[in-house]
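Undergrad: Let me begin by handing over the structure; questions about it come next.
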Amino acid sequence: MKDQPRLERLFHRIVALRIPILALYAVLVPMAAWLATRIPSEAGIDRLIVPSDPDYVATRAFQKVFPEGQVVILLFEADDPWAPPVLAQVDAAAAALRAIPGLVPFSALDAWRRARPGAALDAAGAQAYRAFATGADLFRKQGLVGDRFQGMAVALEARGRAERDAALAAIDRALEAAVGQAAAAGNGAGEGRAGASPSGGAGAPAGAGAASVTRIRKIGAPYVVSWIEHESGTASLRFFPVFAAFVVAIALLLYRSWRSLAAILVALGAAVALGVACGALLGYAFTVVSALVPLTVMVTTLATLVYLHSRFVDQPEGVSVDDHQAQALANKFLPVTASTVAAVLGFGALLVSRIRPVREMGLWTATGLAIGWVVAFTLFPALQKVLRTPTNRVVPTRTGVYDRLAAALPTFTWRWRWPLVAGSLAVAATGLVALLGFPGAVAPMRVGVDSLDYVDPKLAIHRDMDFYRRNVSGLSVARVWVKTPPGAVVEPEVLRGLDRVATALESMPQVSAVVGPTTFLRMRRYLAGQGDRLPQEPEAFARAAGDVEQLLLAEGELRAFVDVGTLANAQLTVVFKDTDEAGYARLAAGVRDAWAREVAGDPAFRGASFQVVGESMLEAKVAGSLVPTLTESFAITAGLIFLAFLFVFRSPSARLMAMIPSIFAILATFLGMRLLGGELNVATILIATTVLGTTENDQIHFFYHLQEARGRPFGEALRHTLRVSGRAIVFATFINAVGFLALSMSNFPPLRQFGLVTSAAFLLGMLADFTALPASLWILSRQRPAEVGPAPARATRS
């Protein structure tokens, strides 16, 4: 190690400059903490796609023409939803909501009042309303009436997170006042939202009979996104105290020194603050996976600090503390640097993802890990010197249990080398099939980015959304953006063609409802008692649609489907039940078929075109990107780490053997996920990269110290490696596992799943480090432990 004296001189110099270094960090860390608090939050599922994606660009262009407002659906459940007292409660709720600025409620009851102004909601009026609401399928398809509920759509004119949450809270208060607290709060839809009242249990208002609203279900993306933003934003607040307590416990258990604890805590806090602040400098926002950035930086930096400090406390006789500190830092410089490079490359490989938060999280975490490396070799040595952290010559460390285990491992792994290696490879192969499937026998692991996948199933918002999807209508929405020459979109023949397309789409099994420009013509015809179907004869249709331009001026709802500025754009809103990429592809194919069959050859549509856009399409596209993100990033990570290891240690065969623990851990966890019914989502696809980039640290330290004993019999070299690096590997693994296990406290399902599965993977990787890896190296070395004795001589023929 001819470079070692140079490194020792470098670290002597760093320690000598400890006062300027501490002063620099004293300035930088508060600034970084302030920057971290300025990072905005973008937790919506619609923000998962990269802005350069063509479908993302098209959807945003569509939204400039037709701004997509936020809508929530309220279902007023009752044993008899047509009873006059129930209708009176629904009417009172609508009036209370209408009185709130920025809220626009609409129900079948509103449509009936438009047709029958002044009608009373007595028994006769309720019977007349029932006949009106059930006389056509318009209201049922849109979820406004059902067998046991009255529905209401409420449009929110809210900009930004604060206005949206204020509007949702205002809805809750208005419903409590108009309908009753038990019914309004019974579903607990505000659970998890800032300022929301807790669930009070479903039931009718006190003193009410059967003819009353018994429950209000609240459905819609605003409720889901509000909950996701709240939970993803508070995830760090839950796991940081737990992890801080663990840091205190591990430092005191290992080093039995408050001064060592202080040095670790200060260095760790600086690394996390500086790493998170990089997100602000990069222009990033907190998303559904951003909670992983501070956690990953924290646990990886803490593992590095444990590696460094464990080497520091192992002070030999006859060496001063200052010289030993420089020697320990120089000794650990190469493995720590190589392991940091491996982790940085691993997370940097996430840049191949087409999912925006995953790409950002990869670069953000890689930058934070690099900063953690700088902190570990600058601030931490300065703190060790200033705080005079003790070595084991002053405060002995506890090693008895581990020393006995390490002494037994070489012989054990030699005796069982073939079963250990074969078993690890068999489990890994089974995990690969569980993940990717096997043609004709096993389907791939389920992939999902459905909004409900991100909501705790125990919460009422999840139950209400699931109820609506199963019993009322789909929750996915596609927009068919129709472009025509200027002024043509309101021509009767164009409207008639759009009506035919809408009717064709409504006949598709997965489509719940289609709303477009002609829906309002149908509604007006129905209100006039002429049925809900438009005539298809050209002359009759022209008479029915002759005043569309006047309607555009009078009906604000119609302007959401026709661009009044150019009269060259229209849209059809298609509500459907599928949530995956295949379902969206089927819908898009159905739209193409309907367009080709109904209007492609119509002269009125010369120069017209259509495009399927919308947030649901983007969600489906994200789902389709999950597996490529997993496989591509994993392949790139493995390749780059292999090259980095090969560059440092120059051993291809050993490098391949060293991959066994990580591959085993990753694929074994996917096997466990499959057996337990897990799925891939925007968090769990990061497991492979996270585990590979982190557990490779253990193998790098393992091989580095194995090379230190090069030239000795392999059994002696293995014992030296286990003595010098084994304890640190155990401690670092438990740090990583407990750190990520803290995410299991989150109410946010993806983070909870990620934390549990990743923690298990770390422990499995450590198990393989001490069993399958030594066993594979025994096979490669073709040696036997000294205590076993030489191999028996083969018998020869005389």
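The values are calculated or read from the model by the stated rules, or taken from the named source; none is laboratory data. Values in this document were obtained by computation on a predicted structure and should not be read as measured data. All Cβ positions, even for glycine, are placed from backbone atoms using ideal geometry, and neighbour counts span all protein chains on display. SASA here: full protein model, heavy atoms, side chains in, ligands and nucleic acids out. Shrake-Rupley method; radii C 1.70, N 1.55, O 1.52, S 1.80 Å.
Undergrad: So which of Leu253, Leu329, Leu302 is open to solvent by 40 Å² or more (accessible area, probe 1.4 Å) and either over 20 Å from the mean Cα position of the chain (by Cα) or at pLDDT 85 or above (or both)? First the steps, then the outcome.
TA: On the way: Leu329 fails: open to solvent by 40 Å² or more (accessible area, probe 1.4 Å); Leu302 fails: open to solvent by 40 Å² or more (accessible area, probe 1.4 Å).
The unique qualifying residue is Leu253.
Undergrad: Which ones in the stretch 137-182 are small (Gly, Ala, Ser) and assigned to a loop (DSSP other than H, G, I, E, B)?
TA: So the first thing to find is which residues in the stretch 137-182 are small (Gly, Ala, Ser), and the list is 143, 146, 151, 153, 155, 158, 160, 162, 166-167, 169-170, 174, 177-178, 180, 182.
Gly143, Ala158, Gly180, listed by residue number.
Undergrad: Let me ask something else. Which residue pairs have Cβ atoms under 7 Å apart, sit 6 or more places apart or on different chains, and have a first residue in the stretch 478-493 that is closer than 17 Å to Glu598 by Cβ and part of a strand (DSSP E or B) and a second that is open to solvent by 30 Å² or more (accessible area, probe 1.4 Å) and not hydrophobic (A, V, I, L, M, F, W, C)?
TA: Listed by first residue and then by second, the contacts come to Trp481/Gln611; Lys483/Ser609.
Undergrad: Which one is most open to solvent (accessible area, probe 1.4 Å) among residues in the stretch 713-749 that are in contact with a Leu (Cβ under 6 Å, 6 or more places away or on another chain) and of a type in the set (Ser, Thr, Tyr)?
TA: So, considering only residues that are in contact with a Leu (Cβ under 6 Å, 6 or more places away or on another chain) and of a type in the set (Ser, Thr, Tyr), the one most open to solvent (accessible area, probe 1.4 Å) is Ser744.
Undergrad: Then there is this: Sort out which residues of the stretch 400-449 are loosely packed, with under 15 Cβ neighbours inside 10 Å, among the β-branched types (Val, Ile, Thr) and either part of a helix (DSSP H, G or I) or touching a residue at least 12 places away in the same chain (Cβ under 8 Å) (or both), and write them in order of number.
TA: Result: Val401, single match.
Undergrad: I'd like to verify a number: residues in the stretch 587-612 that are modelled with pLDDT under 90 and surrounded by 16 or more Cβ atoms within 10 Å (Cβ to Cβ), how many?
TA: The number of residues fulfilling the criteria is 0.
Undergrad: Quickly run through the stretch 305-318 and pick out the residues that are of a type in the set (A, V, I, L, M, F, W, C) and at pLDDT below 90.
TA: Listed by number, the residues that qualify are Val306, Val313.
Undergrad: Among all residue pairs at least 6 apart or on different chains, which show Cβ distances below 9 Å where the first residue, located in the stretch 93-121, is free of Cβ contacts under 8 Å to residues at least 24 places away in the same chain and the second is among the basic types (Lys, Arg) and not in a strand (DSSP E or B)?
TA: So the pair list comes out as Ala119/Arg113.
Undergrad: Only one of these conditions is not met by Arg543: (1) in contact with a Lys or Arg (Cβ under 8 Å, 6 or more places away or on another chain); (2) open to solvent by 70 Å² or more (accessible area, probe 1.4 Å). Which number is it?
TA: Evaluating Arg543 over (1) in contact with a Lys or Arg (Cβ under 8 Å, 6 or more places away or on another chain); (2) open to solvent by 70 Å² or more (accessible area, probe 1.4 Å) leaves (1) as the failure.
Undergrad: Starting from the stretch 217-234, take each residue that is in a helix (DSSP H, G or I) and list its partners that are charged (D, E, K, R) and modelled with pLDDT under 75, counting only C-beta distances under 7 angstrom and pairs at least six apart or across chains.
TA: Cβ pairs passing all conditions: Ser226/Arg193; Trp227/Arg193; His230/Arg193.
Undergrad: List pairs: first in the stretch 315-327 and in contact (Cβ under 8 Å) with a residue 40 or more places away in the chain, second part of a helix (DSSP H, G or I) and open to solvent by 70 Å² or more (accessible area, probe 1.4 Å), Cβ under 6 Å, 6+ apart or cross-chain?
TA: Ala326/His12
Undergrad: What residue, among those in the stretch 474-521 that are of a type in the set (Lys, Arg) and more than 12 Å from Thr573 (Cα to Cα), is surrounded by the most Cβ atoms within 10 Å (Cβ to Cβ)? Spell out how you get there, then give the answer.
TA: Taking the stretch 474-521 and keeping what is of a type in the set (Lys, Arg), we get 479, 483, 496, 500.
The next check asks that each one be more than 12 Å from Thr573 (Cα to Cα); those that pass are 483, 496, 500.
Details: Lys483: 18, Arg496: 24, Arg500: 19.
Only one residue fits best here, namely Arg496.
Undergrad: Shifting gears a bit: Keeping to the stretch 122-157, report how many residues are in contact (Cβ under 8 Å) with a residue 24 or more places away in the chain, among the charged types (D, E, K, R) and buried (at least 18 other Cβ atoms within 10 Å of the Cβ).
TA: Result for the stretch 122-157: 1.
Undergrad: Follow-up question, since we're still on this one. Go through the stretch 767-779 and give me each residue that's under 41 Å from the mean Cα position of the chain (by Cα) and either among the hydroxyl-bearing types (Ser, Thr, Tyr) or open to solvent by 30 Å² or more (accessible area, probe 1.4 Å) (or both).
TA: If the condition is that a residue be under 41 Å from the mean Cα position of the chain (by Cα) and either among the hydroxyl-bearing types (Ser, Thr, Tyr) or open to solvent by 30 Å² or more (accessible area, probe 1.4 Å) (or both), then Leu767, Thr771, Ser776 are the ones that fit.
Undergrad: Evaluate the stretch 459-469: report whether one residue or more is open to solvent by less than 10 Å² (accessible area, probe 1.4 Å) and in contact with a Phe, Trp or Tyr (Cβ under 7 Å, 6 or more places away or on another chain).
TA: Looking for residues that are open to solvent by less than 10 Å² (accessible area, probe 1.4 Å) and in contact with a Phe, Trp or Tyr (Cβ under 7 Å, 6 or more places away or on another chain), one finds at least one in the stretch 459-469, hence yes.
Undergrad: If I ask for residues that are part of a helix (DSSP H, G or I) and in contact with a Lys or Arg (Cβ under 9 Å, 6 or more places away or on another chain), which ones from the stretch 450-464 would you list? Write out each step before concluding.
TA: If we filter the stretch 450-464 for residues that are part of a helix (DSSP H, G or I), which is where we start, we get 451-454, 460-464.
Scanning the stretch 450-464 gives Leu452, Ala460, Ile461, Arg463, Asp464.
Undergrad: Count, please, the residues in the stretch 546-557 that happen to be free of Cβ contacts under 8 Å to residues at least 24 places away in the same chain and either touching a Phe, Trp or Tyr at 6+ places or on another chain (Cβ under 9 Å) or open to solvent by less than 60 Å² (accessible area, probe 1.4 Å) (or both).
TA: Let us first name the residues in the stretch 546-557 that are free of Cβ contacts under 8 Å to residues at least 24 places away in the same chain, namely 547, 550, 553-554, 556.
Now restrict to residues that are either touching a Phe, Trp or Tyr at 6+ places or on another chain (Cβ under 9 Å) or open to solvent by less than 60 Å² (accessible area, probe 1.4 Å) (or both): 547, 556.
Selection size over the stretch 546-557: 2.
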